[in-house]
1. Check B:C196, B:C135 and return the single one that is farther than 19 Å from A:S102 by Cβ, within 19 Å of the chain's Cα centre (by Cα) and open to solvent by 10 Å² or more (accessible area, probe 1.4 Å).
2. Pull up the range A:1-24, narrow it to residues that are closer than 20 Å to A:V49 by Cα, touching a residue at least 40 places away in the same chain (Cβ under 8 Å) and not small (G, A, S), then point me to the one that is most open to solvent (accessible area, probe 1.4 Å).
3. Specify which of the listed residues (B:S171, B:S152, B:S203, B:S128) is within 17 Å of the chain's Cα centre (by Cα), more than 10 Å from chain A (Cβ to nearest Cβ), open to solvent by 50 Å² or more (accessible area, probe 1.4 Å) and not hydrophobic (A, V, I, L, M, F, W, C).
4. Which of (1) at pLDDT 85 or above; (2) open to solvent by 10 Å² or more (accessible area, probe 1.4 Å) does A:Q179 not meet, given it meets every other one?
5. Hey, can you tell me all the residues within the range A:226-251 that are touching a helix residue (DSSP H, G or I) at 6+ places or on another chain (Cβ under 6 Å) and either more than 9 Å from chain B (Cβ to nearest Cβ) or modelled with pLDDT of 90 or more (or both)?
6. Of the residues B:R134, B:R111, which single one is under 20 Å from B:K166 (Cβ atoms) and modelled with pLDDT of 75 or more?
7. Would you kindly identify the strands (runs of 3 or more DSSP E) lying entirely within the range B:121-218 that contain at least 3 residues that are closer than 18 Å to A:K109 by Cβ?
8. Is it the case, given these coordinates, that B:V194 is modelled with pLDDT of 90 or more and within 14 Å of another protein chain (Cβ to nearest Cβ)?
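The values are calculated or read from the model by the stated rules, or taken from the named source; none is laboratory data. It should be emphasised that the depicted structure is a prediction, and the values quoted were computed from it without experimental measurement. Cβ sites come from the backbone with ideal geometry, for glycine too, and all protein chains shown count toward neighbours. Heads up: the accessible areas ignore ligands, DNA and RNA and are worked out on the full protein's heavy atoms, side chains in. Shrake-Rupley method; radii C 1.70, N 1.55, O 1.52, S 1.80 Å.
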Amino acid sequence: MSEIARKVWEGSINCIVSYRGTECYLRVFRNSYFPLYFQLLSSYFNDEVSFLYTEDDVPVAWNKPIGVLYDLMQGTSPWRLSCGTKADEYPEYILPLTDVESYWCNQMKEACYIHNGNSKQMMSLSRDDSLTFWHSVVTHNQTTWFRMFAKLHLQFKRIPIRLYLNDSKLDKVVQWHGQTLGEAMCELIPELFDMKRWRNNDQVSVVLHGVEPPLQCPVDDLYRECVYVDGFLHLCVIVKPNLSDAESKAEGES
Amino acid sequence: MSRNPLVSESESSSACASPALQSSENLSTVSQMHVSSPRDIIGPNVDGELKSSGEQKTASTRTNEGSHSKVQIQSESEDEDEDEEEESDHYIRNEMLKSKITTAASIMIDRLPPVTKQLVDKITEPSSEKITVRCQPIGSTPSLTPNVFKISYHQPVATLHKFILKKLKKSLPKGTSLYIYVNNSFAPAPDEIVGCLFDHFASGEELVVSYCTVVAFG
């Protein structure tokens, strides 16, 4: 396993989770799901945690990998979150919390379908293998996860990508013909990634696991190294206000 | 704040259970994914609706299609049931998922230069295109007639789920869960956009969706 894959897998975020004045300092893995920490939080706070929300009262979705949420919501370090319990009204902006295991399993099947044109490999895993696979997600065991992932015999004909633009989700799939990330982006959102227009513009960035991979990276290499735990490559496209423009305008005004 | 009647409505018809749901799950919690009717939607796409006057201190609320007012939902949802009965024969009614973004993210969107903002709006704008969905029952689950429907491109899977469940309401015991699958393979996430599923998994001109009252593909 490469150094990059190891580092990406171990990427983590420091959180301070508070509940009724009590704080819990928690380090969560980027490549994991929040509900996997609910049990720990529940026992710490001695109450049943059912959702999390940020300082400005935005509920945190449970069904995206934590790293994706952090990048999209522009989390701070440490990321300050609060707990909601069963007694609180469940926020309307996020999906109702359901079984994470079957959610994850179906995401993986979808990824498998995109690669191979069917989900047979995922469905034909033995009961033990499926359990081991899911267990490797829960325990965040990279070696086991990649061993099980290799059993899916992915063909890399197409690369499953979930693309987020600021806040909106745009699901996309890349047909892989040795494309680089930049080429793929030009194809997926030509409005933003017209190479000629945006070449010297730092307004648009593609964020993956909190870093901006160079646009020259081949997509399949990125996938191999940085795949998320659900078999997708979650790319956050962040459009930033052009700071130099804003500054020069401010200077002009002053 | 008074209770949104849409919620209670959806609770009784046990709306948008995730296909990944365990059948033991309490359906009233399951159906809490709120939706807003398309008629409530005014205004452009990315306009944030600030919750209070403390502008940048609060997060902004928006639906996928734009901002809406709560009052409108209440006044219009009363006759919703009838409407749905009338118009739902071939066409699936629009219901958007609401989303909420953090202050940090909303400030950034607000500060975008107008040209860029327009561009972003254009990309994320829901298209009016409609796609065709063919619904197939699995096993002993009752079938639908007709079984081919039109649905707007930008609808989440939850809308389709709710629709099928509503159609089957008469033939299924109350509180039955429903699981839906694409191409007999995987259960899509409830917040996945049907148009995207169509783009990637459609066979011919149709997206084939199978549904079942028990977990079909473990």
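1. B:C196
2. Looking at residues that are closer than 20 Å to A:V49 by Cα, touching a residue at least 40 places away in the same chain (Cβ under 8 Å) and not small (G, A, S), I get A:N14.
3. Going through B:S171, B:S152, B:S203, B:S128 in turn, the sole match is B:S128.
4. It fails just one condition, (1).
5. A:C226, A:V229, A:D230, A:G231, A:F232, A:L233, A:H234, A:C236
6. B:R134
7. B:179-182, B:206-212
8. When the stated conditions are applied, B:V194 does not pass them.
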